[in-house]
Structures are given as structure tokens and as C-alpha cells.
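Working notes for the structure below.
The values are calculated or read from the model by the stated rules, or taken from the named source; none is laboratory data. Small disclaimer: the values here were computed from a predicted structure and weren't measured. With ideal geometry, Cβ positions are generated from the backbone for all residues, glycine too; neighbour counts draw on all protein chains shown. Accessible surface is based on the protein model in full, side chains and every heavy atom, while ligands, DNA and RNA are left aside. Shrake-Rupley method; radii C 1.70, N 1.55, O 1.52, S 1.80 Å.
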Amino acid sequence: MPEVDRSIITHRLAVDPDLRPVDQKRRHLSNDRMDFVKREVDTLLAAGHIQEVKYPGWLASVVLVPKPPAWRMCVDYTDLYKACPKDPFPLPRIDQLVDDTAGYALLSFMDAFRCYHQVFMHESDEEKTAFITPEGVYCYRVMPFGLKNAGATYTRMVARLFKGLIGGSMAAYVDDMLVKSKEETNHVKDLTDCFVIMRKFNLRLYPKKCAFAVK
């Protein structure tokens with residue numbers, strides 16, 4: 001999956017320099033959970049989303065959250081979360097987005113595939129996302145889930161890329177995007193305008209969570 005070019009956007013942490021980095025202790029995991037973490041790490045390494053790191057200042061531990069039939073691997077960024085200021089970039093109002101779809105003939109709902117992983121971390125902040133596993137210590141090259149202000153960064157990117165479409169034929173809430181057409185005959189053109197931008201900037205969708213030309 002090709003990430004969005006760094007010249008468009010990267011995620012900055014803006015950690016308070018007066019705060020001392022926190023080194024969390026590694027949490028004990030059962031054998032089956034360790035095997036699951038190893039598979040997840042191998043997948044992220046193969047995708048180029050993480051890399052091995054030595055001597056990090058900030059170090060977080062891995063947490064497994066139940067997601068039947070298995071788990072979801074998360075990183076406990078609680079300490080890093082507290083060290084970063086809040087990004088005030090506004091999220092769209094859900095009620096307004098819903099109201100704005102009234103009177104449109106066709107709607108297409110789209111979901112970005114692993115949306116946050118499509119945005120690079122700023123290179124100077126990569127090591128601050130370091131986490132420890134039974135196999136070693138790694139940090140994210142892309143924006144991980146659960147990191148403070150990740151939603152604001154992604155929303156800013158979408159607003160920047162689709163500036164000419166949002167408010168007209170398109171609406172978006174973080175990684176959920178909607179293309180809407182008042183006339184059915186215009187829907188292909190409206191989708192094309194959206195897809196041209198996605199292709200240009202390497203955005204990827206999750207087909208199973210997309211629904212096109214819904215009345």
C-alpha cells in the first residue's frame with residue numbers, strides 16, 4: 001500500500017520538551033498471545049509500516065484487545081498522549097453532514113483502507129512511537145492507531161486533498177467519505193472526480209466497506 005507523499009502531510013507529535021520520556025515495562029503475554037503479536041509484527045514489517053529501533057527514549061508496551069475470533073494488537077500510548085498538546089483542527093458535525101445529503105438522487109459510501117497507516121510519521125518523531133514486543137523493539141514509520149491527534153491529522157489531509165469537492169459533490173468524516181449526486185446521470189462524473197484525486201495521491205479504499213450508487 002503506497003502511503004501519501006510526505007510533501008502532502010506527515011504526523012507531528014509536538015511532545016513537550018520539558019517532559020521526561022517514559023519507558024514502560026513490558027507486559028506479560030501468554031504463549032498464544034505472543035504468537036499473535038509476532039504475526040502482527042511480521043505483517044507490519046513486511047508492509048514497511050514499522051522498523052526496528054535501538055535506544056528509544058519513549059517506549060510503550062503492547063496491549064491485546066479482544067476482537068472475535070482473535071484480538072487486535074494495540075500500543076499503550078497513554079504516556080505519550082499526555083505529553084502532546086491537542087490539535088484543535090475541527091471534525092465535521094455529523095448532524096450537518098446528514099442534513100446535507102437530503103435531496104440527492106445517488107450516494108456512494110467509501111471507507112479508507114487502514115486509513116491512518118496511509119499517512120507517514122514525521123521522521124523526527126518516528127522513534128517516539130517505539131513499542132516493545134517479545135521479538136524486539138520497533139517504531140512506526142506511519143501514523144499508528146491510538147495516537148493522539150491522529151484523527152485530526154487525517155481529517156486535515158482529507159480537507160486539503162478534496163478541497164474542491166467537499167461541500168459540493170463530496171462529504172467526509174475522518175476516513176468515511178461520501179460522494180453524492182443530485183442527478184443520477186452525474187454520479188459517474190462525480191465519482192470520477194473523487195477517484196482521480198485518490199489515484200493521484202495514492203489513497204486506497206477498503207472494498208468490503210464501500211457501497212456505490214445507493215438511492
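Only one of these conditions is not met by ALA172: (1) of a type in the set (Gly, Ala, Ser); (2) at pLDDT 95 or above; (3) open to solvent by less than 30 Å² (accessible area, probe 1.4 Å). Which number is it?
(2)
Exactly one condition in (1) without any contact (Cβ under 8 Å) to a residue 60 or more places away in the chain; (2) open to solvent by 50 Å² or more (accessible area, probe 1.4 Å); (3) out of contact with any strand residue (DSSP E or B) (no Cβ under 8 Å at 6 or more places or on another chain) is false for LYS182; which is it?
Tallying (1) without any contact (Cβ under 8 Å) to a residue 60 or more places away in the chain; (2) open to solvent by 50 Å² or more (accessible area, probe 1.4 Å); (3) out of contact with any strand residue (DSSP E or B) (no Cβ under 8 Å at 6 or more places or on another chain), LYS182 fails exactly one: (1).
Restricted to region 41-66, and to residues that are in a helix (DSSP H, G or I) and open to solvent by 60 Å² or more (accessible area, probe 1.4 Å), which residue is nearest to HIS11 (Cα to Cα)?
LEU45
Quick test of your reading of the structure: PHE195 fulfils all but one of (1) part of a strand (DSSP E or B); (2) among the aromatic types (Phe, Trp, Tyr); (3) surrounded by fewer than 17 Cβ atoms within 10 Å (Cβ to Cβ). Name the failing condition by number.
The number of the failed condition is (1).
Output the residue which, of all residues in region 119-134 that are in contact with a helix residue (DSSP H, G or I) (Cβ under 8 Å, 6 or more places away or on another chain) and crowded, with 20+ Cβ neighbours inside 10 Å, is farthest from PHE145 (Cα to Cα).
LYS128
Among the residues of region 134-174, write down those that are within 20 Å of LEU97 (Cβ to Cβ), part of a loop (DSSP other than H, G, I, E, B) and not hydrophobic (A, V, I, L, M, F, W, C).
If the condition is that a residue be within 20 Å of LEU97 (Cβ to Cβ), part of a loop (DSSP other than H, G, I, E, B) and not hydrophobic (A, V, I, L, M, F, W, C), then LYS163, GLY164, GLY167, GLY168, SER169 are the ones that fit.
Tell me which residues, restricted to region 12-32, are within 22 Å of THR133 (Cβ to Cβ) and within 15 Å of the chain's Cα centre (by Cα).
Once the filter is applied, which keeps residues that are within 22 Å of THR133 (Cβ to Cβ) and within 15 Å of the chain's Cα centre (by Cα), region 12-32 yields only LEU13.
Among residues belonging to region 67-115 that are among the hydrophobic types (A, V, I, L, M, F, W, C), farther than 22 Å from THR155 by Cβ and assigned to a loop (DSSP other than H, G, I, E, B), point out the one that is least open to solvent (accessible area, probe 1.4 Å).
ALA105
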